[in-house]
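To start, the structure under review is shown below, and the notes come after it.
Just so you know, all these numbers are worked out from the coordinates, no wet-lab data involved. Please read these numbers as outputs of a predicted model, since none were measured by experiment. FYI the Cβ positions are ideal-geometry reconstructions off the backbone, even for glycines, and counts take in every protein chain you see.
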Number of protein chains: 2
Amino acid sequence: MNIGILGTGVVGQTLGGALAELGHSIIIGTRDVAGTMAQEEPGVYGQPPFRVWLQQHPRVAPGTFADAARHGETIINATNGVGSLAAFDLAGASNFDGKIIIDISNPLDFSRGMPPTLAVSNTDSLGEQIQRAYPGARVVKTLNTVTASLMVNPRQLADGDHHIFVSGNDAAAKAQVCEWLAAWFGWKHIIDLGDITTARGTEMYLPLWLRLWGALGTGVFNIKIVK
Amino acid sequence: MNIGILGTGVVGQTLGGALAELGHSIIIGTRDVAGTMAQEEPGVYGQPPFRVWLQQHPRVAPGTFADAARHGETIINATNGVGSLAAFDLAGASNFDGKIIIDISNPLDFSRGMPPTLAVSNTDSLGEQIQRAYPGARVVKTLNTVTASLMVNPRQLADGDHHIFVSGNDAAAKAQVCEWLAAWFGWKHIIDLGDITTARGTEMYLPLWLRLWGALGTGVFNIKIVK
């Protein structure tokens, strides 16, 4: 399948690399292709510059946000949450019509220091903002509650015995994404929380996730719902 | 031990009943003792009127917020979160000095409809508000991430193989509360998230908890941290 990924950070790279290995055709989009390709510094998590990563992943092509959105039958939002709406705007509204958007982003606002606060929360969410801005798109919020390496490899922990969530207004789109999460990455336990307003729940889990990261000394953890 | 509980709702009743059975001396406080004792209607969760509950729990005495706070060597805040600061004000600041306050409340605001939003979140929390208002108190936020029956009986699920959290500025108070959670109720897995600002994490988990309640069809669930 042709997949467009918005965002060249760790999440975009991890998803892009995993999906390319599965045989999908990936364009990974950025605001400024030349600028991103010219970066020589390692990323914030010590990952190699994007140009080096691309050399290691020949099946992934770089492009603008619009290139990625046009290419994708499905689009993955892996941008920084506070920049997501601007990235979507650059990608062009018509490139989202009728497509499933897998929204992984969290509206983390680092401008007040660490740990980050949320730029939108409580009475709204980034998932809802994207769905409202692109009513023709089929937004499914998911994977935003785990670190990138777990998104594509849940078996890394307890043989996958922990949970991931989906939120969205389009039942068929959610069912399709659940199928992909299982087939692509091996997610065994997926909970449908309801419509896109339930993205408030998973986005507002981030403040707990961030404190757990601090307390546990690792981001490689997840929650299992025990009932 | 003498324990004062603020709040006569399901959380106050559940904690009060369990602690009285363990032999503690409990005063459970309310704004208007005569009014609360005169209630004939069942509670919002179908529980019997407070007067009937008290008859079934003869070791628990009713009183004002001030009576409960004066009585308690330790005080449990089981009020509705949006009314907590008003309840503390009625209880009298001097009754909190030097005491551990176990803060279980969540700032759920039902005024916008269901599911509730949070009256304070993101850049502040109810736990922090209480600690700021009563700097001489030793506030420990805990138990606010599970339904009342699980607070006092974690073994109800998976023999207790799931997690509870503590947040607070006073390390000795947190250690004491962890000891009590284990000894009183059998909590086996307690994570210290850090200072009282980490109460933002557990309070902001409530929006996810509320959607999980909807999706699972029960409030009797908890999260296990898998790492």
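Would you check if residue A:197 is closer than 26 Å to residue B:157 by Cα and in contact (Cβ under 8 Å) with a residue 40 or more places away in the chain?
Numbers: closer than 26 Å to residue B:157 by Cα: no; in contact (Cβ under 8 Å) with a residue 40 or more places away in the chain: yes.
So residue A:197 fails the test.
How many residues are under 13 Å from residue A:198 (Cα atoms) and either free of Cβ contacts under 8 Å to residues at least 40 places away in the same chain or part of a loop (DSSP other than H, G, I, E, B) (or both) if we restrict to region A:117-134?
Residues of region A:117-134 that are under 13 Å from residue A:198 (Cα atoms), as a first pass: A:121-129, A:131.
Still in the running and either free of Cβ contacts under 8 Å to residues at least 40 places away in the same chain or part of a loop (DSSP other than H, G, I, E, B) (or both): A:121-125.
Matching residues across region A:117-134 total 5.
In region A:200-220, what count of residues is obtained for those that are of a type outside the set (Gly, Ala, Ser), in contact (Cβ under 8 Å) with a residue 12 or more places away in the chain and not in a loop (DSSP other than H, G, I, E, B)? Let's see the steps before the verdict.
Step one: list which residues in region A:200-220 are of a type outside the set (Gly, Ala, Ser), which gives A:200, A:202-213, A:216, A:218, A:220.
Adding the requirement that they be in contact (Cβ under 8 Å) with a residue 12 or more places away in the chain leaves A:200, A:202-207, A:209-211, A:220.
Narrowing further to those that are not in a loop (DSSP other than H, G, I, E, B): A:200, A:202-204, A:206-207, A:209-211.
Total meeting the criteria: 9.
Tally up the residues in region B:176-194 that are touching a residue at least 60 places away in the same chain (Cβ under 8 Å) and part of a strand (DSSP E or B), please.
0
Can you find a residue that is closer than 26 Å to residue B:119 by Cα, facing chain B (nearest Cβ under 10 Å) and not in a loop (DSSP other than H, G, I, E, B) anywhere in region A:135-158?
There is no residue in region A:135-158 that is closer than 26 Å to residue B:119 by Cα, facing chain B (nearest Cβ under 10 Å) and not in a loop (DSSP other than H, G, I, E, B).
Being part of a strand (DSSP E or B) and either surrounded by fewer than 20 Cβ atoms within 10 Å (Cβ to Cβ) or charged (D, E, K, R) (or both) is the filter here, so list the residues in region B:73-109 that pass it. Before you say what the answer is, go through the steps one by one.
Pass one, region B:73-109, residues part of a strand (DSSP E or B): B:74-77, B:100-103, B:108-109.
B:103, B:108, B:109 - these are the residues of region B:73-109 that are part of a strand (DSSP E or B) and either surrounded by fewer than 20 Cβ atoms within 10 Å (Cβ to Cβ) or charged (D, E, K, R) (or both).
Any idea which residue in region A:189-220 is farthest from residue B:167 (Cα to Cα), counting only those that are in contact with a strand residue (DSSP E or B) (Cβ under 7 Å, 6 or more places away or on another chain), more than 7 Å from chain B (Cβ to nearest Cβ) and surrounded by 19 or more Cβ atoms within 10 Å (Cβ to Cβ)?
A:196
Residue B:52 - would you say it is surrounded by 19 or more Cβ atoms within 10 Å (Cβ to Cβ) and either among the aliphatic types (A, V, I, L, M) or within 14 Å of chain A (Cβ to nearest Cβ) (or both)? It would help to see each step written out before you state the result.
Values: surrounded by 19 or more Cβ atoms within 10 Å (Cβ to Cβ): no; either among the aliphatic types (A, V, I, L, M) or within 14 Å of chain A (Cβ to nearest Cβ) (or both): yes.
No, not satisfied.
Collect the residues in region B:22-66 that are among the aliphatic types (A, V, I, L, M), within 18 Å of the chain's Cα centre (by Cα) and outside any strand (DSSP E or B), keeping them in residue-number order.
Result: B:22, B:44, B:66.
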